[in-house]
Each structure stands twice: as structure tokens, then as C-alpha cells.
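This report concerns only the one structure given below.
The values are calculated or read from the model by the stated rules, or taken from the named source; none is laboratory data. Bear in mind the structure is a predicted one, so any value in this text is a computation, not a measurement. Ideal geometry is used to build each Cβ from the backbone, glycine not excepted, and the neighbour counts take in all protein chains shown.
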Amino acid sequence: MKRILPPLLTGLLLTGGAEAQTRPTTLESGVLKIGMEGTYAPFTFKDERGQLVGFDVDIAKAVAARLGLKPEFVLTEWSGILAGLQARKYDVIVNQVGITPERQRAIGFSAPYAYSSPQIIVRGNANTSFRTLADLKGKRVGVGLGSNFEKQLRDAGGINVVTYPGAPEYLRDLISGRLDAAYNDRLLVGYLIKRDNLPVKGAGVIGDPEAVGIALRKDNTGLKTAIDRALRQIRADGTYARISRQWFGQDVGQPGQ
């Protein structure tokens with residue numbers, strides 16, 4: 001039996017031009033395909049039982065539930081995750097995708113659902129004064145390939161930027177001494193230190209808090225409207241606050257946090 005979609009979603013196929021009107025999508029069968037890494041704790045990763053868990057996983061499930069859709073997760077490396085969205089391998093990305101002007105020219109975004117700041121990461125026993133990106137000039141700094149963090153390092157100039165598929169790889173090289181520092185999300189740093197007792201520590205926090213949103217194809221305006229409504233609903237009923245406190249002990253949905 002074909003699943004009847006909520007009224008707000010029945011118009012989604014009419015929002016993307018002729019192709020969207022004639023080409024079936026996963027939304028027709030009641031499925032929301034969600035792209036994410038699966039290696040980016042505490043946002044999206046596999047636990048000791050091999051189950052996909054994390055802050056972004058829980059947010060994605062909550063949003064899909066409000067849409068009346070079944071979430072289906074598609075794991076892919078960060079370096080190809082935006083291209084996979086354009087190639088229609090999934091409907092959305094829920095993976096701490098920063099909302100930047102450059103990305104907004106190519107893809108659409110929901111309203112922001114979290115805020116954080118980049119942070120320099122160093123070995124726990126390091127005696128360094130890395131407080132700004134200028135302090136990293138001439139240093140080997142590990143970062144995720146294709147990430148907003150990589151762009152910031154390259155824009156700073158003079159830094160020996162070393163790219164990796166994900167955080168586990170460059171944190172391993174940082175601990176072993178093959179890197180002078182790493183660069184990633186402040187929330188990730190604190191979580192990994194607490195969970196895994198890694199011999200690393202946070203150094204300088206760079207810039208103001210940055211917004212992240214659920215990424216989707218630019219022409220899918222109906223889905224954006226539905227997702228924005230779902231995000232408002234999970235804030236209003238306390239679901240968002242519960243998920244955020246579970247993973248971070250605070251509400252990360254406000255830029256002032």
C-alpha cells in the first residue's frame with residue numbers, strides 16, 4: 001500500500017521544476033534519505049554495538065518524525081558529501097554543515113539548528129601559545145578535507161595544511177607527533193577529551209559562533225519549508241533541548257552559547 005504523505009509534503013514534487021514533477025523521489029515512499037559521515041563524534045558516529053548515534057543523528061530522526069517520514073542514513077566521506085547531495089544520492093545532509101555564502105550559492109539550507117566555533121587542538125602535554133591562526137604559520141595542521149575549517153586555514157596563509165578524511169585520522173597523527181596542531185569544532189574537542197580521555201586539549205577558539213543547518217538542494221523549497229517547521233516544533237516541545245543537553249550539557253541552538 002502506498003503511504004499517504006502529510007499534506008505539507010504532497011507538494012514537494014511540484015517545487016523543483018519539470019524534472020521534480022516527473023521523477024519519483026524517496027519522499028513519495030515515505031523515506032527521507034539523510035547523508036552524513038558516521039565518523040564524526042559526537043555528531044554522527046557508530047557506538048560499540050555498531051549503531052549509528054550522535055547529536056546530528058538524533059536531530060535528523062526528530063525532524064523526520066515530525067515530517068511523517070522514515071529516516072534512511074547514507075554514509076559518505078565528508079570530501080564528497082556535498083557532491084552526493086547534488087547527485088541526488090540523498091535528500092538532505094545533517095552533518096554540521098556550516099552555512100556559508102559560498103555554499104549558499106550552490107545548495108539550500110534550513111534555518112540554523114546549532115552554533116559553534118572553530119578551535120585549535122594541540123597535544124595534552126604541548127607547551128604552545130597557539131591562540132590565533134597567525135600563530136599556526138609554518139606549522140603542520142591537520143583538518144578535514146573539504147571542510148569549512150580547511151578553507152579558513154588556507155585563507156589565513158602560511159600554514160602547512162594537511163588534509164584527512166575525518167577527525168579520527170588527524171587526531172591520531174596529532175597524538176603521535178606528526179602534526180603540530182589540528183583544527184575543528186569546539187564542541188567536538190570537548191566531547192572527545194571527555195569521552196575517550198584523549199591526550200589532547202583545546203587551545204585558541206577562533207572567531208564568533210558559526211551557524212550550521214540542514215543542507216538540501218536549492219530547488220527543493222517545499223522540503224525546506226517543511227524542515228524549518230519541524231525544527232520549530234522540536235524546539236517548542238522540548239525535544240531539541242533534551243537532545244542538546246544529552247550530548248553537550250547545554251543548549252547549542254543559541255549563538256551565545
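Does the stretch 83-106 hold any residues that are of a type outside the set (Ser, Thr, Tyr) and either touching an Asp or Glu at 6+ places or on another chain (Cβ under 9 Å) or surrounded by 18 or more Cβ atoms within 10 Å (Cβ to Cβ) (or both), and which are they? LEU85, ASP91, VAL92, ILE93, VAL94, ASN95, GLN96, VAL97, GLY98, ILE99 - these are the residues of the stretch 83-106 that are of a type outside the set (Ser, Thr, Tyr) and either touching an Asp or Glu at 6+ places or on another chain (Cβ under 9 Å) or surrounded by 18 or more Cβ atoms within 10 Å (Cβ to Cβ) (or both).
For the condition of a type outside the set (Gly, Ala, Ser) and within 30 Å of GLY30 (Cβ to Cβ), what is the one hit in ILE214, ILE193? Full working, then the answer.
Numbers: ILE193 fails: within 30 Å of GLY30 (Cβ to Cβ).
Unique residue meeting the criteria: ILE214.
Residues in the stretch 107-122 that are surrounded by 18 or more Cβ atoms within 10 Å (Cβ to Cβ) and farther than 25 Å from LEU69 by Cβ: TYR115, SER116, PRO118, GLN119, ILE120, ILE121, VAL122.
Pairs meeting the criteria (first residue in the stretch 115-139 and farther than 28 Å from ARG245 by Cα, second residue surrounded by fewer than 16 Cβ atoms within 10 Å (Cβ to Cβ) and of a type outside the set (D, E, K, R), beta carbons under 6 Å, at least 6 apart or on different chains) are LYS137/GLY158. SER244 satisfies every condition listed in (1) surrounded by fewer than 18 Cβ atoms within 10 Å (Cβ to Cβ); (2) touching an Asp or Glu at 6+ places or on another chain (Cβ under 7 Å); (3) at pLDDT 85 or above; (4) not hydrophobic (A, V, I, L, M, F, W, C) except (1). Residues that are more than 18 Å from the chain's Cα centre (by Cα), of a type outside the set (A, V, I, L, M, F, W, C) and part of a helix (DSSP H, G or I) within the stretch 163-196 comprise ARG172, ASP173, SER176, LYS194, ARG195, ASP196, listed in sequence order.
For (1) in a loop (DSSP other than H, G, I, E, B); (2) within 18 Å of ARG178 (Cα to Cα); (3) polar (S, T, N, Q), each residue gets a yes or a no:
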{"position": "GLN119", "(1), (2), (3)": "no, no, yes"}
{"position": "VAL122", "(1), (2), (3)": "no, yes, no"}
{"position": "SER129", "(1), (2), (3)": "yes, no, yes"}
{"position": "GLY138", "(1), (2), (3)": "yes, yes, no"}
{"position": "GLY142", "(1), (2), (3)": "no, yes, no"}
{"position": "ARG154", "(1), (2), (3)": "no, no, no"}
